[in-house]
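Step one of this worksheet: look at the structure below.
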Amino acid sequence: MLPLLAAVPLLLLQAPQVPLPLLEAKDLPPAARGPMPPRVPDLGAERSIMGQARAALRRGPSIPALQLPAGSLRIQDKVPDQSGWRAYAIEVPGGGSVTVQVVDGRKGWFRVLAMNAWGQAEPGLLQNRIPSGEPRASYHNPGTEARTIYFVVDTQDAHMVGEPFEVTVIHS
């Protein structure tokens, strides 16, 4: 009983957390290039005209990406079109780490993929391979030079055009 009472003052003395800056996706500049579409199963695929349109949009030469500024932040966005995904380009310094997670919206209907410009995994990329209900992915840059990594927020339903979501980007 005494150790529990001794911990109460420590809990009360913790510094309050400062909220991350909030950006609207429409205010972000487009990236110079986006990643190639990854070779992953489309969890929102269906056998209909809409499903065929989604499949055609997901076969493009690259995914249009938004360039994110340095530092930790929150982004309010929405599913832009029938393809069902949105890409973000992030510059990660040598030895740095970044984690991207969907924190608001219908989280169970999203997944986050991390990839290089070729749409492939590389050393340092970590993803939720086992579904945990938390759509997130992270990257730790093992090198000394800065690398551009792409995080793709992907939908698992074909009918989510305009669906709002919020993403946190945590640099460490």
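Descriptive notes on the structure:
- Summed over region 35-58, the residues that are over 29 Å from Ala146 (Cα atoms) and either assigned to a loop (DSSP other than H, G, I, E, B) or open to solvent by less than 70 Å² (accessible area, probe 1.4 Å) (or both) give a count of 13.
- Taken together, the residues in region 67-76 that are closer than 19 Å to Ala117 by Cβ and open to solvent by less than 20 Å² (accessible area, probe 1.4 Å) amount to 1.
So that you can scan it fast, the table gives a plain yes or no per residue for (1) aromatic (Phe, Trp, Tyr); (2) assigned to a strand (DSSP E or B); (3) closer than 30 Å to Glu46 by Cβ:
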site	(1), (2), (3)
Ala114	no, yes, yes
Ala117	no, no, yes
Glu145	no, no, no
Val153	no, yes, yes
Gly162	no, no, yes
Ile170	no, yes, no
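- Of the residues screened, Ala32 is one that is loosely packed, with under 10 Cβ neighbours inside 10 Å, under 23 Å from Lys78 (Cα atoms) and modelled with pLDDT of 85 or more.
- Near pairs, Cβ below 7 angstrom, 6+ apart or cross-chain, from region 30-47 (under 12 Å from Leu113 (Cα atoms)) to any residue that is part of a loop (DSSP other than H, G, I, E, B) and open to solvent by 90 Å² or more (accessible area, probe 1.4 Å): Pro37/Arg59
- Output for region 81-107, where each listed residue is open to solvent by 60 Å² or more (accessible area, probe 1.4 Å), more than 11 Å from Phe165 (Cβ to Cβ) and out of contact with any helix residue (DSSP H, G or I) (no Cβ under 7 Å at 6 or more places or on another chain): Glu91, Pro93
- Failed item in (1) among the basic types (Lys, Arg); (2) free of Cβ contacts under 8 Å to residues at least 60 places away in the same chain; (3) in a strand (DSSP E or B), with Lys26 passing the rest: (3)
- Glu134 satisfies every condition listed in (1) within 21 Å of Asp77 (Cα to Cα); (2) touching a residue at least 40 places away in the same chain (Cβ under 8 Å); (3) assigned to a loop (DSSP other than H, G, I, E, B); (4) open to solvent by 10 Å² or more (accessible area, probe 1.4 Å) except (2).
- The condition (being under 23 Å from Gly44 (Cα atoms) and either at pLDDT below 90 or in contact with a Pro (Cβ under 8 Å, 6 or more places away or on another chain) (or both)) is satisfied by just one residue among Leu66, Leu125: Leu66.
- Residue list for region 88-109, restricted to those being part of a strand (DSSP E or B), closer than 19 Å to Glu24 by Cα and of a type outside the set (D, E, K, R): Tyr88, Ala89, Ile90, Thr99, Val100, Gln101, Val102, Val103
The values are calculated or read from the model by the stated rules, or taken from the named source; none is laboratory data. Keep in mind the model is a prediction, meaning the values are calculated, not measured. Neighbour counts are summed over all protein chains in view; Cβ atoms, including those assigned to glycine, are modelled from backbone coordinates with ideal geometry. Note: accessible area is taken over every heavy atom of the protein model, side chains too, but ligands, DNA and RNA are not part of it. Shrake-Rupley method; radii C 1.70, N 1.55, O 1.52, S 1.80 Å.
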